[in-house]
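Take a look at the structure below.
The values are calculated or read from the model by the stated rules, or taken from the named source; none is laboratory data. Keep in mind it's a predicted model, so treat the numbers as computed, not measured. For accessibility, only protein heavy atoms count, side chains too; no ligands or nucleic acids. Shrake-Rupley method; radii C 1.70, N 1.55, O 1.52, S 1.80 Å.
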Amino acid sequence: RCTIYPNPTSGVFNVQMSQFENLKMKDIEIYNMYGEKVPAHFQINSFSNSQIDLSSQPAGIYFIELKTSKDNYHGKVVKE
């Protein structure tokens, strides 16, 4: 299970996995509305929680892809 908050965001948001998932920076990919991978700054806050900063990106919808050892998760975040 994956939770993305706050959504919508002004640029910085959190991605939280269930307590049984180990989240690493290389496991997170972010794409814009055109399917282009975008750069983002990541900070691993805990075993299953990461903070992502899209402040340098324009407003719009971004798609998050999380790859774990168990499954892949997809979500989206709106940057205002």
So is residue 49 at pLDDT below 95, of a type in the set (S, T, N, Q) and open to solvent by less than 60 Å² (accessible area, probe 1.4 Å) or not?
yes
Filter the stretch 64-80 down to the residues that are assigned to a strand (DSSP E or B) and open to solvent by 90 Å² or more (accessible area, probe 1.4 Å), then identify the one that is nearest to residue 1 (Cα to Cα).
74
Among the residues in the stretch 25-46, are any modelled with pLDDT under 75, more than 13 Å from residue 77 (Cα to Cα) and in a loop (DSSP other than H, G, I, E, B)?
no
